[in-house]
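Trainee: Quick one: the structure is below, questions incoming.
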Amino acid sequence: MKSRSIAVNIGNRTIGGGNPILVQSMAKTDTRDVVSTVNQILRLEEAGCDLVRVAVPDIESAEALSKIKSKIHIPLIADVHFDPLIAMESISQGVDKLRLNPSNIQDEEWIKKIALAAKNRSIPIRVGTNLGSFKKKPDNPVEALVKNALDEIKILESVDFNNIIVSIKTSDAILTVRANEKIAELVRYPLHIGITEAGPKEESLVKSSVGIGCLLMEGIGDTIRYSITADPIEEIKAGITLLRSLRLRKGGLEIVSCPTCGRCEINLFEIVKQVKEEFEEVDIPVRVAIMGCVVNGPGEAADADIGLAGGKKSGVIFRKGKAVRIVKEEHLYSAFRDELKKLIESKK
Ligand code: SF4
């Protein structure tokens, strides 16, 4: 199938053109504080972050970029608003991509100068349009957002700059989906998708998954960012989980567990919590079913690599649907953990 978008390189990664969808986040530190910023980015890398953006609100932050870049391993993106000189400094510091907001750098001549500087360094520019950046809320937000992005794209294209990524975000999942559907019909540049200012963890997980998930199901979106008012690691975990749920990324531990009900006679919450904590980092594909009783337990276990179904203060452990052990509740987690470890070893 022909890819919707063209491929664009960001440092050592490529998005669009049918390449795997990348998960990104943004550091939440003061960019001038190189040590804290690098430490947070290294944690993000460990969690599976593919691309990282930092805020560059002033020249001092821009001047810290090359130091940060020299200590991290994933592409570094400078997020610049208002001041074109900060954009120019960020480019000369060697960032891998620049994000510009068309609503707040409007001087066409400056945008062209920035584009030429980015072209000299072969780095892409993301045209990042947010509804929140509009001075007055437009009557037709979808049309206004798309026009805003297209106007900026035209300026970049006028100096033969095509190394473009586009994002259109709002804090409303439905508006964001509609605007991205529209821009996806009009341009073939890769799309960065997400719901902006999506709120605290629980709210954002639902709202962002609805918005990003709808678009990905339509084949729209080349890199994703969950915006969560929390540790940025949560954004990466959510992004990776979504991609796995949509079968757009392979690998990792998949836990199928029941909500429990009056039939459950073991502490299933605790077992699931322990499995998640201990095996969260596994990156080979392992499907684990942890079920409260025999109603759905054996059925789910049949589809899983390893399963557990609760009984009377005990549990049955399954491997590929076959019962291998019956264990009393007090030894259930340790027995299940041993079996799971053996399975992971055998899969490596
Ligand atoms: S698997 Fe058993 S314990 Fe779990 S929700 Fe279903 S019926 Fe209840």
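Trainee: Quickly run through segment 200-226 and pick out the residues that are touching a Ser or Thr at 6+ places or on another chain (Cβ under 6 Å) and surrounded by fewer than 21 Cβ atoms within 10 Å (Cβ to Cβ). Break it down stepwise before answering.
Mentor: If we filter segment 200-226 for residues that are touching a Ser or Thr at 6+ places or on another chain (Cβ under 6 Å), which is where we start, we get 200, 211, 222, 226.
Residue satisfying the conditions is P200 alone.
Trainee: Now, a different point. Is there a residue in segment 302-321 that is surrounded by 12 or more Cβ atoms within 10 Å (Cβ to Cβ), touching a residue at least 60 places away in the same chain (Cβ under 8 Å) and among the aromatic types (F, W, Y)?
Mentor: Looking for residues that are surrounded by 12 or more Cβ atoms within 10 Å (Cβ to Cβ), touching a residue at least 60 places away in the same chain (Cβ under 8 Å) and among the aromatic types (F, W, Y), one finds none in segment 302-321, hence no.
Trainee: Could I ask something else about it? Is it fair to say I220 is in a helix (DSSP H, G or I), away from the ligand (no atom under 16 Å from the Cβ) and among the β-branched types (V, I, T)?
Mentor: Working: in a helix (DSSP H, G or I): no; away from the ligand (no atom under 16 Å from the Cβ): yes; among the β-branched types (V, I, T): yes.
No.
Trainee: Also, I was wondering about something else. Only one of these is part of a loop (DSSP other than H, G, I, E, B), surrounded by 13 or more Cβ atoms within 10 Å (Cβ to Cβ) and touching a residue at least 60 places away in the same chain (Cβ under 8 Å): V282, V294, V275. Name it.
Mentor: Exactly one residue qualifies, and that residue is V282.
Trainee: Follow-up question, since we're still on this one. Can you tell me how many residues within segment 93-142 are part of a helix (DSSP H, G or I), among the small types (G, A, S) and within 22 Å of the chain's Cα centre (by Cα)?
Mentor: Here the count works out to 1.
Trainee: Further question on the same structure: Which residue out of I212, I183, I168 is in a helix (DSSP H, G or I), touching a residue at least 12 places away in the same chain (Cβ under 8 Å) and over 15 Å from the mean Cα position of the chain (by Cα)?
Mentor: None of the other options fit; the residue is I183.
Trainee: Would you tally the residues in segment 276-297 being more than 10 Å from the ligand (Cβ to nearest atom) and more than 22 Å from R247 (Cβ to Cβ)?
Mentor: Within segment 276-297, residues that are more than 10 Å from the ligand (Cβ to nearest atom) and more than 22 Å from R247 (Cβ to Cβ) number 2.
Every read-out reported here was derived from the displayed coordinates using simple, explicitly stated rules and does not represent laboratory data. Predicted model, so just to flag it, every value in this text is computed and none were measured. Cβ sites come from the backbone with ideal geometry, for glycine too, and all protein chains shown count toward neighbours.
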